[in-house]
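Q: One structure, pasted below without further comment.
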Amino acid sequence: MPLTTPVAADGIVSSRAARLGARARSGPILVIVLSAVVLVLNVARLIGDSALVDASVYFGGARLLLEGGDLYGTRIAAPGIELPFTYPPFAALLFVGVFAGSLLSGAYLLTVLGTGALLSTLFLIARRYDQSRPAALASAAAFTAAATFLEPVAETLDFVQINTVLLGMVAWDCLGRAGLLPRGLLVGLATAIKLTPAVFVLFFLARRDWRSVGWTAIGFLGASGAGWLVAPAQSVDYWSTVLADSGRIGDPAYVGNQSLRGLFSRLVGDETVVSALWVLTSVLVVTTGWLVAARLRGLGQDVPALCAVATVGLLVSPVSWSHHWVWVVPALLVLWSRPAGMPHEVSARPRSSIPAPRSVRSDRPAAPPAALTVRPAVPRPSPWSGPVLRRRGLCLLVAGYLIAGVHWWLPHERDDHLGWSGWQQVLGSDYVLAALLGLGALAVLAWRWGRPLVDPSQPQAEPTSRAPAAEQAPAGEQQAMPGPAERGTAAQAAVIHEDVVADAAPAGVTASAGRGGPGRPATDSPAGRARPGGPDQNDHGVAESPPDPATPGAEPGRPVAASEPPARPATRRATPGRPPEA
């Protein structure tokens, strides 16, 4: 079985298994248990004190659909208020199943689904940041428990809203591994439940993923068609009349509406001016968000890209109540977990990529070890380093502000915003202004992070020549310099496989795994274990092969080009304790 071993620049080799084994086993378990206790107690408190306002609307919409009533012409009685049903007919069809029993049982079921969706989403994100399963589960549990105190999540639980359920559907569709369901289908279903998830098409367009865009359309049209078949009259009413009436959702100037339209409604008041400003700024925000998402996805940073798209959707929506801003929780996890410096996110691909050797029966020999693709690993900074402390301090500061819910401190009864002063206007649109600043900062960081590691539309370039133009060898003998993904530095470790294709070495000579020159005796190897015929590596982490007298122009210490055939015939893979077969 191949071993994945980090090779440090100073030649010291340590096994990955030993590094993982050194971690404390009891820490994640303790965090998970404490987080579970806090989560259950706080959710129970919120549900116990809840008036079940939105759950009452969902329950009433399901009953109207079953009884054939006027789904969009009837105001549904909720505790202390009467509200209209504002979701598409497909959502009412789903609520029939969720609230098949009583109002209270449906509210409990929706709460469990929403909390589980948030927990699983945070676990998925933590795993993408190279955390082990226990550590990722501990991080997800801790952040889920803490999130129940943040105003967006606490209000979602108090109203029994579906925001976290939609978050989970979108996140698993965009970030999870493609499996049973085609990518884009869950985004389409979420859009059929509540139209705002349609903005996540930008996430797929950032990589020109037309297949996922197509599946999003199929999911949306199929689910909407199902709603049309069950309730044709209500579907006609919704898509022709109700959809354009944003006033049904509520007063856009209300302090709870943390969107661009809400900001301009409180600031200006004139509806014509508000609409013009909203359209212009929305176009600018959507364009900026798409460019940022494309840049981040090109860097392999899918989670920040998804958070950027979610921010765009919340800003440009006509109404984004403060409990819609549950996407701040994944953003805080990214801010807490991301290593300082160059972004590092583990994708679904293996940690290292090695070209599979061709069969020994093939007329073309296997690729030499010098052609191995080595992926640099970013060293994890100390949790007490300055950048990490500043980043996590900012995370805690944002979380504390969200717990406080400052905009609710202002006078927010009907038309109270008309008498707000300048600083009250700032606090009254705090989510909007913070989101604009965050999106701008993310754009600056995305362009400062340098050249994209992954081009979304082009294959990766071949390694360039190492020798200067005046010293390049003739065609067929040109030496290759490793590309950025194949080069190590003193500050970075390269993760490679030890199970490589071995060449037969000259009698009595082996190549060391450290920094020694080619042909150094095995006794001088600082790595302790020499591989038969294995390549040595220079200071750049590039494999070097010993000189072959039969090869004209060969020099010691020069890397062999990936296209150059080996000087000796390829052999089978070496097995410890067994000489390689010729």
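Q: Here's a check for you: in the stretch 129-139, which residue that is crowded, with 20+ Cβ neighbours inside 10 Å and in contact (Cβ under 8 Å) with a residue 60 or more places away in the chain is farthest from W408 (Cα to Cα)?
A: So in the stretch 129-139, the residues crowded, with 20+ Cβ neighbours inside 10 Å come out as 129, 136-139.
Narrowing further to those that are in contact (Cβ under 8 Å) with a residue 60 or more places away in the chain: 129, 137-139.
On the way: Y129: 35, L137: 33, A138: 32, S139: 30 Å.
Looking at residues that are crowded, with 20+ Cβ neighbours inside 10 Å and in contact (Cβ under 8 Å) with a residue 60 or more places away in the chain, I get Y129.
Q: Something else: Considering S240, S265, S224, S259, which residue is more than 30 Å from S322 (Cβ to Cβ) and not charged (D, E, K, R)?
A: Result of the check over S240, S265, S224, S259: S240.
Q: Also, I was wondering about something else. So which helices (runs of 4 or more DSSP H) are wholly in the stretch 165-276 and hold at least 1 residues that are of a type in the set (D, E, K, R)?
A: 210-230, 232-240, 260-267
Q: Something else: With respect to P350, determine if the residue is at negative phi, surrounded by 16 or more Cβ atoms within 10 Å (Cβ to Cβ) and at pLDDT below 50.
A: no
Quick grid of which residues meet (1) at pLDDT 95 or above; (2) under 31 Å from the mean Cα position of the chain (by Cα); (3) closer than 18 Å to T196 by Cβ; (4) surrounded by 13 or more Cβ atoms within 10 Å (Cβ to Cβ):
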| position | (1), (2), (3), (4) |
| --- | --- |
| S50 | no, no, no, yes |
| A55 | no, yes, no, yes |
| A62 | no, no, no, yes |
| T74 | no, no, no, yes |
| A77 | no, no, no, no |
| G80 | no, no, no, no |
| T86 | no, yes, yes, yes |
| F99 | no, no, no, yes |
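Q: What pairs can you find where one residue is in the stretch 196-214 and polar (S, T, N, Q), the other is not in a loop (DSSP other than H, G, I, E, B), and their Cβ atoms are less than 7 Å apart, with a gap of 6+ or different chains?
A: Within 7 Å, the pairs are T196/G313; S212/F204.
Q: Then there is this: Go over the candidates L109, L104, L46 one by one and state the one that is part of a helix (DSSP H, G or I), surrounded by fewer than 22 Cβ atoms within 10 Å (Cβ to Cβ) and over 34 Å from the mean Cα position of the chain (by Cα).
A: L104
Q: While we're on this one: Find all pairs meeting these conditions: Cβ atoms under 9 angstrom apart; at least six residues apart or on different chains; first residue within the stretch 99-123 and within 20 Å of G61 (Cβ to Cβ); second residue among the polar types (S, T, N, Q) and part of a helix (DSSP H, G or I).
A: F99/S105; L103/S56; A107/S56; L113/T164; G114/T156; G114/N163; G114/T164
Q: Show the residue pairs meeting these rules: Cβ distance below 7 Å; 6+ apart or different chains; first residue within the stretch 440-455 and of a type outside the set (S, T, Y); second residue modelled with pLDDT under 60.
A: From the stretch 440-455, the pairs are W449/M342; W449/P343.
Q: Any idea how many residues of the stretch 71-130 are more than 21 Å from D158 (Cβ to Cβ) and touching a helix residue (DSSP H, G or I) at 6+ places or on another chain (Cβ under 7 Å)?
A: So the answer is 18.
Q: Here's a follow-up. So which residues in the stretch 261-277 are within 33 Å of the chain's Cα centre (by Cα) and touching a residue at least 40 places away in the same chain (Cβ under 8 Å)?
A: R261, G262, L263
Q: Test W228 against the stated conditions and say whether it is of a type in the set (F, W, Y) and touching a Pro at 6+ places or on another chain (Cβ under 9 Å).
A: So W228 fits the description; yes.
Q: Scan the stretch 209-225 and give yes if some residue there is of a type in the set (G, A, S) and farther than 18 Å from L185 by Cβ, otherwise no.
A: No: the stretch 209-225 contains no residue that is of a type in the set (G, A, S) and farther than 18 Å from L185 by Cβ.
Q: Now for a different question. Residues in the stretch 178-209 that are under 18 Å from S259 (Cβ atoms) and among the aliphatic types (A, V, I, L, M): how many?
A: 4
Q: In the stretch 221-260, what residues are farther than 13 Å from L71 by Cα, of a type in the set (G, A, S) and either surrounded by 15 or more Cβ atoms within 10 Å (Cβ to Cβ) or within 34 Å of the chain's Cα centre (by Cα) (or both)?
A: Scanning the stretch 221-260 gives G222, A223, S224, G225, A226, A244, S246, G250, A253, G256, S259.
Q: Something else: Just to be sure I understand, how many residues within the stretch 207-238 are out of contact with any helix residue (DSSP H, G or I) (no Cβ under 7 Å at 6 or more places or on another chain) and either more than 28 Å from G289 (Cα to Cα) or not aromatic (F, W, Y) (or both)?
A: Count: 12.
Q: Separate question: Could you go through the stretch 209-216 and let me know if any residue there is at positive phi and within 21 Å of the chain's Cα centre (by Cα).
A: No; the residues of the stretch 209-216 include none that is at positive phi and within 21 Å of the chain's Cα centre (by Cα).
Q: Additional query: Being among the hydrophobic types (A, V, I, L, M, F, W, C), under 27 Å from W321 (Cβ atoms) and surrounded by 15 or more Cβ atoms within 10 Å (Cβ to Cβ) is the requirement here; does A198 meet it?
A: yes
Q: OK, next. Among the residues of the stretch 129-164, which ones are under 11 Å from T115 (Cα atoms), hydroxyl-bearing (S, T, Y) and part of a helix (DSSP H, G or I)?
A: Result: T144, T156, T164.
Q: Can you tell me how many residues in the stretch 393-446 are surrounded by 15 or more Cβ atoms within 10 Å (Cβ to Cβ) and among the acidic types (D, E)?
A: 2
The values are calculated or read from the model by the stated rules, or taken from the named source; none is laboratory data. In this text the structure is predicted, and so the values were computed from the model without any measurement. Note: ideal-geometry Cβ built from the backbone for every residue, glycine included; neighbour counts use all protein chains shown.
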